[in-house]
Amino acid sequence: MSDQPALRPRPSGFDVWEGIVSRWIDGDDSLPEPFDCWRRSYPGRGAGAVDTAAIPEPYLGDPSSAIAVVLALNPGRVYPRFQHRGGVFEAEVREMGSYAAWAATWAFVRPPWTDEIPAVQHTLSRLAFIGRWYDEPNLPIARMLAVELYPWHSTRLTAALRPDPGIVQEFIWEPIAASGARDVFAFGSDWFPLLTNHLGLAVVDRLGAGGRDYGPRAKTRSVMVAEAPSGVRVVAMKHSGSAGPPASDETLRLRDAINGR
């Protein structure tokens, strides 16, 4: 398979973030609706408080070239020199002309971030997983898109994330569906109640613990396949002691079981 991505028109659902990030760059912490409702849906305090001085990071990657999406809960800890106003990332967004252009460069796996802070292993492990899933061991990062359920930073999560399902449908599921990405992956136990109980996705398959056997290495691994109203397929997985992806051989068995091979 070629490493050159086939470009598609950028989904308009992601373009809305240009205005939100521009407001932040201008020093305006206020948000238009429904984004203010979205930000207020998480009531974290202390180490879990939202850092409004940090750049919102709704997605990383280029939606027009991604073949798969990885969901994340929120962008997590802030590194002020990079992510606060006046920092490295704000300067890069200004220089590149848009949030979309900046997001497509995957700032967390390149300099100057990697000159001071190790490349984010969370990102690299998920890229390796997607490469195994599609039999492309050298899959370029341009083929992966990361999307945050809650795009604002906090050092920790000290309360449940409960964004309005309608907001998630409009600004996450629909843009992902429009992008043409083949699969969406979510790792960790938090996603199971979020996807089904709160966001109302329909479960279409269960594998591993509590479902069909596919030969998992970790006997506690549970996999849920769900569908959003937009038709997006989400593969969520968890197992005791880790929120990371499965190993190479298990990934292939899981893929084949889900795809009916």
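For the range 136-168, enumerate the residues that are more than 19 Å from residue 187 (Cβ to Cβ), aliphatic (A, V, I, L, M) and either exposed (fewer than 15 other Cβ atoms within 10 Å of the Cβ) or within 13 Å of the chain's Cα centre (by Cα) (or both).
159
Quick one: in the range 10-35, which of the residues that are of a type in the set (Asp, Glu) and under 24 Å from residue 230 (Cα atoms) is surrounded by the fewest Cβ atoms within 10 Å (Cβ to Cβ)? Break it down into steps so the answer makes sense when it comes.
Taking the range 10-35 and keeping what is of a type in the set (Asp, Glu), we get 15, 18, 26, 28-29, 33.
Restricting the remaining residues to those that are under 24 Å from residue 230 (Cα atoms) gives 15, 18, 33.
Details: 15: 14, 18: 14, 33: 8.
The extreme case among them is 33.
Among the residues of the range 240-250, write down those that are at pLDDT 90 or above and either crowded, with 18+ Cβ neighbours inside 10 Å or within 18 Å of the chain's Cα centre (by Cα) (or both).
Scanning the range 240-250 gives 245, 246, 250.
Yes or no, residue by residue, for (1) surrounded by 13 or more Cβ atoms within 10 Å (Cβ to Cβ); (2) of a type in the set (Ser, Thr, Tyr); (3) under 20 Å from the mean Cα position of the chain (by Cα):
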position: 208; (1), (2), (3): yes, no, no
position: 214; (1), (2), (3): yes, yes, no
position: 221; (1), (2), (3): yes, no, no
position: 234; (1), (2), (3): yes, no, yes
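Tally the residues that are out of contact with any Ser or Thr (no Cβ under 8 Å at 6 or more places or on another chain) and within 20 Å of residue 13 (Cβ to Cβ), restricting the search to the range 61-96.
Of the residues in that region, 11 qualify.
Under 9 Å between Cβ atoms, which residue pairs at least 6 apart in sequence (or on different chains) link something in the range 101-119 that is farther than 14 Å from residue 141 by Cβ with a partner that is among the hydroxyl-bearing types (Ser, Thr, Tyr)?
Sorted first by the residue in the range 101-119, then by its partner, the pairs are 116/79; 117/79.
Scan the range 124-133 residue by residue and report those that are free of Cβ contacts under 8 Å to residues at least 40 places away in the same chain and either of a type in the set (S, T, N, Q) or buried (at least 18 other Cβ atoms within 10 Å of the Cβ) (or both).
Residues satisfying the conditions are 127, 131.
For residue 89, all conditions in the list (1) in contact (Cβ under 8 Å) with a residue 24 or more places away in the chain; (2) within 18 Å of the chain's Cα centre (by Cα) hold save one; what is the number of the exception?
So residue 89 meets the others, but not (2).
List the pairs whose first member sits in the range 237-258 and is under 20 Å from residue 122 (Cβ atoms), whose second member is in a helix (DSSP H, G or I) and hydroxyl-bearing (Ser, Thr, Tyr), and whose Cβ atoms are under 9 Å apart, counting only residues at least 6 apart or on separate chains?
If the second residue must be in a helix (DSSP H, G or I) and hydroxyl-bearing (Ser, Thr, Tyr), the pairs left are 244/125; 245/125; 245/251.
Hey, can you tell me all the residues within the range 9-56 that are part of a helix (DSSP H, G or I) and not hydrophobic (A, V, I, L, M, F, W, C)?
Correct list: 12, 13, 15, 18, 19, 22, 23, 36, 39, 40, 46, 48.
Checking the conditions here, which among 228, 202 is surrounded by 14 or more Cβ atoms within 10 Å (Cβ to Cβ), within 30 Å of residue 163 (Cα to Cα) and either touching a strand residue (DSSP E or B) at 6+ places or on another chain (Cβ under 7 Å) or of a type outside the set (A, V, I, L, M) (or both)? Before the answer, list the steps.
Details: 202 fails: surrounded by 14 or more Cβ atoms within 10 Å (Cβ to Cβ).
It is 228.
The values are calculated or read from the model by the stated rules, or taken from the named source; none is laboratory data. Only a predicted model underlies this, so the values are computations on that prediction, with no experimental measurement involved. Neighbour counts run over all protein chains shown; Cβ positions are idealised from the backbone, glycine included.
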